[in-house]
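First the structure, in the form of structure tokens, and then the observations on it.
The values are calculated or read from the model by the stated rules, or taken from the named source; none is laboratory data. None of the values given here were measured: they were computed from a predicted structure. Because the Cβ atoms are built from the backbone with ideal geometry, glycine has one as well, and the counts that use them run over all protein chains shown. Ligands, DNA and RNA are stripped out before the accessible areas are found, and what is left, the full protein with its side chains, is counted by its heavy atoms. Shrake-Rupley method; radii C 1.70, N 1.55, O 1.52, S 1.80 Å.
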Amino acid sequence: QVQLVESGGGLVQAGESLRLSCAVSGRIFAISAMGWYRQAPGKQRELVAGIASGGSTNYADSVKGRFTISRDNAKSSVYLQMNSLKPEDTAVYYCNAEAIEGGTNRKLEVWGQGTLVTVSS
């Protein structure tokens, strides 16, 4: 079974930094796009940042210049460096990956369990 395991959330003050990590486990043949989404209380889940297999990235306007997404294909992992955090960044952050399952060649979209980021003012 393919799973995503996230880590790195926590409570920080405005202006501080956090780094989220997400590792893919299970029988994987290939991973294409990976990304981070977030969902704040009472709001819909939104894309924060995405990264393609070739390394091209895209960001939500609200995080451009503050957040950086990266991936390590050898470790089947994706990271989100979050700098200059603001109270409005408070949300549960979810890792997402599009993958081809080894053995079956099924295309999968997999989500992590979520990690809470709280930014106090």
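Rounded to the nearest 5, what % of the DSSP beta bridges within the chain are antiparallel ones?
90 percent
Hey, what did the chain get for relative contact order, percent, Cα under 8 Å, at least 6 apart?
36 percent
Read phi for every residue in segment 28-40 and hand back ³J(HN,Hα) as whole Hz from Karplus 6.51 cos²θ - 1.76 cosθ + 1.60, θ = phi - 60°, with x for Gly and Pro.
Here the 3J(HN,Hα) series is 10, 8, 7, 10, 9, 6, 9, x, 10, 10, 9, 9, 8 Hz.
Over the chain, average the accessible area per residue using a 1.4 Å probe and give it in Å², no decimals.
Per residue, the chain has 53 Å² of solvent-accessible surface.
Counting Lys and Arg as +1 and Asp and Glu as -1, each charge on the Cβ, what is the dipole of the chain about the Cα centre in debye, to the nearest 20?
120 debye
Separation between the Thr57 and Ala74 pseudo-spin-labels, each 7 Å from Cα along Cα→Cβ, expressed in nm?
Spacing of the two 7 Å Cα→Cβ label points: 2.0 nm.
Mean separation of Cα pairs under 8 Å and 6+ residues apart, divided by the residue count of segment 13-71: what relative contact order is that in percent?
Result for segment 13-71 is 23 percent.
Within the chain, what whole-number % of the accessible surface is contributed by carbon and sulfur, with the 1.4 Å probe and all protein chains included in the calculation?
47 percent
What accessible surface, in Å², does a 1.4 Å probe find on Ser62, ignoring ligands, DNA and RNA and rounding to the nearest 10?
60 Å²
Phe67 accessible area, nearest 10 Å², 1.4 Å probe?
The value for Phe67 is about 10 Å².
Using the alpha carbons of segment 33-90, what is the convex hull volume per residue in cubic angstrom, as a whole number?
Convex hull of Cα atoms, per residue: 82 Å³.
Protein chains only, probe 1.4 Å: how do Asp61, Asp72, Asp89 rank by accessible area, largest first?
So the residues, ranked largest to smallest area, are Asp61, Asp72, Asp89.
Where does each of Leu47, Leu116 land when they are ordered by accessible area, with a 1.4 Å probe and the largest first?
The ranking, largest first, comes out as Leu116, Leu47.
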